[in-house]
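Quick one: the structure is below, and I'll ask about it shortly.
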Amino acid sequence: YHSQSDGGNINKDIPIIQAFSEHNGNEARQSYHGLPPNMVQPIESPNIFAFTPMQINTRNPDGSGRRCRGDCPLPKASRAPPNASYSGLLECPCTDRVVKTYGGHFTQTSGICSAPVTNVTECFAAAVLMIPKTAKYSTKNLTDASLPEGCFVQHNVDNTYVIVYNSASASKATCDAPTNATASHIVGSADVVSTAVTLGLDVDAAKDIVTITIVVNDTTDATSWYGVGFNASTMGELPYTIVVDGTGAVSEHKLANHLAGTVLSPSVKVVSQTKVGSVRTTVLQRSLKGVDADHFTFSPTQTTMNFISAVGSTPQFSQHRVRAPGTITLFTVGAPTCVCRGGTGSINGFPFHPNCMGEPKSDLLKTNNPTCDINLYGGGMSCCRGDVFLLDAEQDIPALVDEVYYKWRFYFTDYEPTQHTPVFHLEWQFGHIEYDVPQAPVGTAPEDAVHTLTTRFTLNDFMDGGHGANCNVQTDYYCADPTKVTSKGGVSLVMMGGHCHSPACLGIELYNGDTGEMLCHIKPVGGTSDLPMDEEDYLWLPPCQWGRPEDGYAPPPVLTLDINLTAIKRANATVRHYGVMAIFQGRGAYTDDIHATV
């Protein structure tokens, strides 16, 4: 629900939008629909109701209503075993109708690409974006087993580039072929349009010299300072930074978060400085290794580097006038530099940027889960958007069409602050909205074929749903205010539901990470027949519920702001499963807001 209001007369503590989303998903027929006495979800004058169904038609296409037992069409990518009691369509396999466009390309100077570029068009388009915009280059399309397979760039001593696509799929050559020598000399440059700053790097390990070229085209004020911070995308990463002031004086700094930070001891030598109109160029040199931990150490194997650039409004180093991040790509001199596919891109025209969390928030990156890499992604929500057919192109689409009806009943009462306790949404996804359960190794006993996913998080994460500290409690139904936790005696858990998918889900557990106490255990109850809500492989997920002891409930656990939480999801891994989920969704209340009558 939500209300359309200018907010002029609205109590800022009362949301203008609410969602009934605890325990949602493909087990929706037994979703949670209640709260303890006098606990409520308040909303200011709602006048709009929005419904967002998510459905996959898995019915037997012969119209009989008979459960499919391996005799219904499935795409090649389905991982449901033969004669499975569930449909492989449930897991949204990526069919051969799916169009993947690869992005996030990066360079590599040794070994082979784990995900090589496989077509000439992609190769040329990706490589052109990596070389300097003003560079002269040519392209080649060849088949040569002595050179790396896929896409690579050759940097020549005259500072020109050759972009090569090699279709020799049988090639075993590494990215440093044909010399097979360890990369020791890399060069590159990058422009940042919004700051008009260009960074050039020449990293020569054999000579132990890094040549740093910083160019600024400041048409506003050619007497202002300019600078570059290395190996960072924000000031908050506290990068090693070189600043050139309006007089040409060079200084080195370790930035603080939105502050100038500290001045470092000088380690660079000024090779040259020129000024032609509004264009100022400074060329510096220093050793690869920083003189201490605050001076960045350059490496000939780091071929991609983020950096920040900024231009001031005064000659002296002070608040910047413009600032922006950039990325520089470096290429080996005299040898191929491979261009490899990254883990991002698009699927059917929609961006694919999973942004999986690493430890301690999630195991997904550590275990190289396929959901985090477009090259490995085999199924899930990105292959299952609206109006998508889940059969392969050569398979006929069944003519059977279902007509689905929905019915809602709405109950409400006027909000009484002295009697009612507002509750708010709590949610945490285990590092990503979905993930894959990889198949257990061949020979694993069925009872041991269990995949676990672990997440460690905080109450603050629970309260903002991973949306960040700037969420708005009035307009974002997945947001609660952590600043009130300490002053209101903590957060009392009211209910907690688990979201996971049939047929793989074995359960979800929530623990106090500081004491090891189990707070909630969601244990699925499986169906045993073909009756509604008892179908084989249908799962009901009974929630954890707290309330008044006199009503037979356990008292609510109280969470403090500094509590550490741990959650574990277990899934059956006898076969691979795409796009499963591990989410805790619940409701909580500020402890001191709970009325004695509750």
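Could you work out how far the C-alpha centroid of the range 514-547 sits from that of the range 572-587, in angstrom?
Spelled out, the Cα-based centre of one part sits 13 Å from the other.
Sticking with this one: Which order, highest average first, do 43-49, 370-376 follow once you tally other Cβ atoms within 10 Å for each residue and take the mean per peptide?
Sorting 43-49, 370-376 by mean packing, highest first, produces 370-376, 43-49.
What accessible area per residue, rounded to a whole number of Å², is obtained for the range 324-455 using a probe radius of 1.4 Å?
Per-residue value: 53 Å².
Continuing with the same structure: Assigning unit charges at the beta carbon (Lys, Arg +1; Asp, Glu -1) and nothing else, what dipole magnitude in debye, to the nearest 20, does the chain show about its Cα centre?
1500 debye
Further question on the same structure: Just to confirm the number: angle between the C-alpha axis of helix 120-130 and the first principal axis of the chain, 0 to 90 degrees, nearest 10?
Here the helix axis deviates by roughly 70 degrees.
Sticking with this structure for a sec: With a 1.4 Å probe and all protein chains left in place, how much of the accessible area of the chain comes from carbon and sulfur atoms, in whole percent?
Answer for the chain: carbon and sulfur cover 54 percent of the accessible area.
Once the dipole of the chain is set up with Lys and Arg at +1 and Asp and Glu at -1 on Cβ about the Cα centre, which of Gln55, Asn257, Pro555 lies farthest towards its positive end?
Highest projection toward the positive end goes to Asn257.
Further question: Where nothing but the Cβ of Lys and Arg (+1) and of Asp and Glu (-1) is charged, how large is the charge dipole of the range 457-553 around its Cα centre, in debye to the nearest 20?
Roughly 460 debye for the range 457-553.
Here is a further query. Output needed: percent of Cα pairs per 5 Å distance bin for the range 199-302, bins running from 0 to the one holding the longest distance.
3, 12, 23, 24, 21, 13, 5, 1, 0
How far, in nm, would the chain grow between Thr247 and Ser287 when pulled straight, counting 0.36 nm per residue and subtracting the alpha carbon separation?
In short, 11.9 nm is gained.
Right, another one. Run the numbers for Leu142 and Gln55: contour at 0.36 nm per residue of separation, minus the present Cα-Cα distance, in nm.
The span from Leu142 to Gln55 would gain 26.6 nm if fully extended.
Provide the FRET efficiency to the nearest 0.05 for the Ser318-Glu416 pair, computing r from the beta carbons and using R0 = 60 Å.
0.65
Tell me the Rg and the Dmax, in Å, that the Cα atoms of the range 119-184 produce.
Cα-based Rg and Dmax for the range 119-184 come out at 11.9, 35 Å.
Additional query: What percent of all Cα-Cα pairs in the range 167-255 falls into each 10 Å bin, going from 0 up to the bin containing the maximum distance?
It works out to 13, 34, 28, 15, 8, 2, in whole percents.
Among Lys76/Lys407; Lys366/Lys569; Lys361/Lys569, which pairs are too far apart, with a Cα-Cα distance over 25 Å?
Correct reply: Lys76/Lys407.
Could you state the number of Å between the C-alpha centres of the range 246-320 and the range 202-234?
A separation of 6 Å, based on Cα centres.
Charges on Cβ only, +1 for Lys and Arg, -1 for Asp and Glu, centred on the Cα centroid of the chain; of Val117, Met130, Gly188, which one is farthest towards the dipole's positive end?
Result: Gly188.
For the chain, what's the relative contact order in percent, using C-alpha pairs closer than 8 Å and at least 6 residues apart?
That works out to 17 percent.
Ranked from highest to lowest mean number of other Cβ atoms within 10 Å per residue, what is the order of the peptides 400-408, 90-98, 169-177?
So the peptides 400-408, 90-98, 169-177, ranked by packing, come out 90-98, 169-177, 400-408.
Moving to a separate point now. Under a Cβ-only charge scheme (Lys and Arg +1, Asp and Glu -1), can you give me the dipole magnitude of the range 314-422 about the Cα centre, in debye to the nearest 20?
Roughly 780 debye, rounded to the nearest 20.
Between the range 358-388 and the range 98-176, what's the alpha-carbon centroid distance in Å?
26 Å
Under 8 Å for C-alpha pairs, at least 6 residues apart: give me the relative contact order for the range 197-311, rounded to a whole percent.
31 percent
Within a Cβ distance under 15 Å of His577, other residues only, what is the Lys/Arg minus Asp/Glu net charge?
Residues near His577 contribute 0 overall.
Please compute the net charge surrounding Val164, taking Lys and Arg as +1 and Asp and Glu as -1 over other residues with Cβ under 14 Å from its Cβ.
Net of charged neighbours comes to -2.
For the chain, I need the span (max minus min coordinate) of the C-alpha atoms along each principal axis, in Å, sorted largest to smallest.
Each principal axis gives a Cα extent; for the chain these are 81, 60, 45 Å.
The values are calculated or read from the model by the stated rules, or taken from the named source; none is laboratory data. If you're wondering where the values come from, they're calculated on a predicted model, not measured in any experiment. All Cβ positions, even for glycine, are placed from backbone atoms using ideal geometry, and neighbour counts span all protein chains on display. Only protein heavy atoms, including side chains, enter the accessible area calculation; ligands, DNA and RNA are left aside. Shrake-Rupley method; radii C 1.70, N 1.55, O 1.52, S 1.80 Å.
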